[in-house]
Amino acid sequence: GVKLLLHGLCSNTTVKSLDLRGNNLRTMGAEALGKLLRQNKSIRSLILEWNSLGVWEEGFSFFCQGLGANNFLQRLDLRNNQINHHGAGELAMALKRNASLQELDLRWNNIGLLGGRALLNCLHSNKTLKRLELAGNNVPSDILKAVEQAMDHNQDRQTILSETQNRACVLSKEILNLKDEKTKQFLDLMDTIDKQREEIARSGRISAGRVSQLQEALNEQHSIMNSLKAKLQMTEAALALSEQKVHNLGELLSAMKQEQASMAERHFAELQQQKQEGADREGKLFRDLSACNEKNLLLRNQVDELEKKCKVQQDQLFQLKQDLTNTTAELKLRAVQAEEHLEMEKRRLKQNLEDMELLRLKEVDHMTQHMEASERSMQDRVQRLEAIRIALEEELSQVKAAALTERGRTEEELIKARNQARLDEQQRLEHLEEKLRLMTESRDEAQNCCLKQKQMVSEAQAKANQLSLHTDGLRRQIEELQQNLNSKEQEKVTEVNKVKVELQEQIGHLQAERTAQEGLREKIAALERQLKVLSSNHREALLDKEGEISVLLEKLRMREADISRMREEEAQRANLLQNAIMAYVQGSPLRTHSSRK
């Protein structure tokens with residue numbers, strides 16, 4: 001029955017204590033117990049009192065072999081089992097190999113002197129046994145005292161080992177805590193560095209976006225300035241054309257004046273000749289009065305026709321004046337429109353410059369705040385900034401490439417805008433040439449009318465030579481016409497002078513606007529210089545930050561070297577402590593006592 005029970009307990013993992021006292025176990029039971037001790041790993045306490053196991057030497061030796069192979073049993077009770085000195089020797093061999101048994105009760109057996117010596121000798125190699133009971137075994141008192149000293153020594157050793165194990169556990173826990181703290185600190189540093197890198201990348205993207213915005217604003221300002229230059233050139237060309245027209249009209253007026261003066265002189269000379277001829281021909285005229293009276297009627301009709309023609313010419317001159325006034329009004333309107341457009345462009349340029357100045361100030365404030373914050377954070381958090389610098393350099397190279405591409409694109413747009421402006425100028429020149437052609441045609445028509453008038457005046461002079469009586473009336477009419485023409489010429493001269501004065505004023509305004517535009521150009525150049533200075537300052541700040549990063553990396557390396565040195569010192573201290581414990585164990589009283597024996 002014991003064999004079956006112990007066979008079932010071989011694979012059991014829950015039973016911790018087994019009590020088999022007073023069961024009269026024999027050889028088979030002892031062998032089964034040896035097998036159980038070999039295979040079972042859960043039993044910590046085994047009570048075998050009153051079983052007479054020492055009588056069966058073979059079974060007890062098998063039991064002792066199983067005990068030597070077991071490393072889990074802590075308490076063994078073998079009281080009243082008739083164990084002699086042979087069984088004690090077997091137990092001593094088993095105890096030399098056993099490393100887990102702490103309590104062994106051998107009271108009321110028959111161990112004797114030999115068995116006590118064997119057990120005492122095995123205690124030199126067994127360091128785990130704390131309690132060994134040998135009462136009632138006929139063992140001498142000196143052996144019992146030596147056994148007690150060995151037990152005390154083992155107990156001291158166990159306490160020291162437990163203390164060292166506790167200290168080792170505490171140290172290992174502290175080391176693990178330090179490792180955890182270091183890992184946490186390292187992870188925190190990694191997180192902070194990642195955050196710093198993200199912040200730097202974000203700031204780099206923001207700065208790149210702002211640089212692109214500033215570049216776009218500068219390109220827009222350049223395009224606006226180019227458009228203003230083109231408009232100024234167009235207005236200057238229009239003014240030059242208007243001046244040419246005014247000069248041509250003045251030349252026409254001077255030519256008309258010269259022609260009228262020459263005509264008046266010729267008329268005066270012809271009238272004097274006619275007076276002389278009239279004095280000579282008075283007789284003939286008196287005779288021809290009757291015929292002349294009839295001719296006078298015809299001449300009156302002709303004079304009426306001439307007056308009608310003069311009225312028609314006056315109407316034509318009035319239309320020419322109206323055309324001149326219309327052209328001057330158109331020029332004035334164009335000048336006013338150009339002034340308004342220039343005023344609007346000035347306002348827009350001023351607004352753009354103010355906006356750019358505000359943006360620049362805000363950006364400078366933001367950059368200063370960001371640089372201060374980055375300086376504070378850089379002093380506390382440092383690692384992997386070399387990789388960040390490389391990434392920033394790559395981003396800067398990308399930004400430079402993007403800026404170069406943007407510059408090329410803007411240059412292409414400028415070329416397109418210049419071509420478009422040239423086309424617009426060519427169209428305007430064609431339009432103005434068409435107007436000039438029309439004006440020349442109207443001038444040719446006026447000259448043709450003047451020629452016709454001259455022809456008609458010559459015919460009238462020929463007829464006036466025949467009609468001396470009506471010459472005085474015609475002379476008066478001519479004088480009146482001359483007075484009217486002089487008054488009209490004076491009005492034309494005053495109007496032309498007014499137009500010249502207005503054009504000069506417009507030219508002065510345009511020159512003032514040109515000076516203002518030059519001032520704006522200077523301001524733009526100053527802003528560009530300021531941008532260059534800011535970019536150079538930013539680069540210097542980046543270089544300073546890189547130097548600080550290198551210094552902080554060197555500090556980090558020094559700290560890592562200190563940590564490794566501290567670890568080595570801790571390891572040396574642990575080795576020194578272990579050596580001290582071993583020296584203490586080797587220099588214990590039991591060791592000295594055994595050496596004396």
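Every condition in (1) surrounded by 15 or more Cβ atoms within 10 Å (Cβ to Cβ); (2) modelled with pLDDT of 90 or more holds for Leu9 except the one numbered (2).
You will find that of Ile224, Ile175, Ile200, the residue that is assigned to a helix (DSSP H, G or I) and touching a Ser or Thr at 6+ places or on another chain (Cβ under 9 Å) is Ile200 and no other. Can we say Ala88 is within 30 Å of Thr159 (Cβ to Cβ) and in contact with a Cys (Cβ under 7 Å, 6 or more places away or on another chain)? Judged against the criteria, Ala88 is not a match. Hey, any hits in the stretch 547-568 for a residue that's at pLDDT below 80, among the charged types (D, E, K, R), within 30 Å of Ala208 (Cα to Cα) and open to solvent by less than 100 Å² (accessible area, probe 1.4 Å)? Looking for residues that are at pLDDT below 80, among the charged types (D, E, K, R), within 30 Å of Ala208 (Cα to Cα) and open to solvent by less than 100 Å² (accessible area, probe 1.4 Å), one finds none in the stretch 547-568, hence no. Against the numbered list (1) open to solvent by 30 Å² or more (accessible area, probe 1.4 Å); (2) farther than 30 Å from Gln383 by Cβ; (3) touching a residue at least 40 places away in the same chain (Cβ under 8 Å); (4) not hydrophobic (A, V, I, L, M, F, W, C), Arg210 comes up short only at (2).
Of all the numbered requirements in (1) in contact with a helix residue (DSSP H, G or I) (Cβ under 8 Å, 6 or more places away or on another chain); (2) within 16 Å of Ile160 (Cα to Cα); (3) modelled with pLDDT of 80 or more, Asn579 misses one, and that requirement is (1).
Taking the stated definitions as given, is Thr494 open to solvent by 80 Å² or more (accessible area, probe 1.4 Å) and either at pLDDT 80 or above or closer than 30 Å to Leu331 by Cα (or both)? No; evaluated as a whole, the condition is false for this residue. Note on the stretch 506-537: residues that are under 26 Å from Arg197 (Cα atoms) and either surrounded by 14 or more Cβ atoms within 10 Å (Cβ to Cβ) or among the acidic types (Asp, Glu) (or both) total 2. Scanning the stretch 17-42 for residues that are in contact with a Phe, Trp or Tyr (Cβ under 6 Å, 6 or more places away or on another chain) and among the acidic types (Asp, Glu) yields a single hit, Glu31. Of everything in the stretch 334-386 that is basic (Lys, Arg), under 23 Å from the mean Cα position of the chain (by Cα) and surrounded by 11 or more Cβ atoms within 10 Å (Cβ to Cβ), the residue that is modelled with the highest pLDDT is Lys362. Residue-level check: of (1) under 26 Å from Glu220 (Cα atoms); (2) more than 29 Å from the chain's Cα centre (by Cα), Ala525 misses just (2). From Arg529, Arg573, which residue is assigned to a helix (DSSP H, G or I), of a type in the set (Lys, Arg) and within 30 Å of Leu342 (Cβ to Cβ)? Unique residue meeting the criteria: Arg529.
For the stretch 130-162, taking the residues that are in a loop (DSSP other than H, G, I, E, B) and closer than 23 Å to Leu48 by Cα, the one that is most open to solvent (accessible area, probe 1.4 Å) is identified as Asn138. For the stretch 440-457, filtered to residues that are open to solvent by less than 70 Å² (accessible area, probe 1.4 Å) and modelled with pLDDT of 70 or more, the residue that is farthest from the chain's Cα centre (by Cα) is Met456. Go through the stretch 30-64 residue by residue and tally those that are polar (S, T, N, Q) and open to solvent by 80 Å² or more (accessible area, probe 1.4 Å). Residues in the stretch 30-64 being polar (S, T, N, Q) and open to solvent by 80 Å² or more (accessible area, probe 1.4 Å): 1 in total.
If you take the residues of the stretch 91-129 that are open to solvent by 70 Å² or more (accessible area, probe 1.4 Å) and part of a loop (DSSP other than H, G, I, E, B), which of them is nearest to Leu76 (Cα to Cα)? Only one residue fits best here, namely Trp108. Any idea which of Met256, Met225 is open to solvent by less than 90 Å² (accessible area, probe 1.4 Å) and more than 29 Å from Arg437 (Cβ to Cβ)? Of the residues listed, the single one that is open to solvent by less than 90 Å² (accessible area, probe 1.4 Å) and more than 29 Å from Arg437 (Cβ to Cβ) is Met225.
The values are calculated or read from the model by the stated rules, or taken from the named source; none is laboratory data. For clarity, every value in this text was computed on a predicted model and none was experimentally measured. Positions of Cβ are generated from backbone atoms using ideal geometry, with glycine treated the same way; all protein chains shown enter the neighbour counts. Quick note on the areas: whole protein, heavy atoms, side chains included, nothing else; ligands and nucleic acids left out. Shrake-Rupley method; radii C 1.70, N 1.55, O 1.52, S 1.80 Å.
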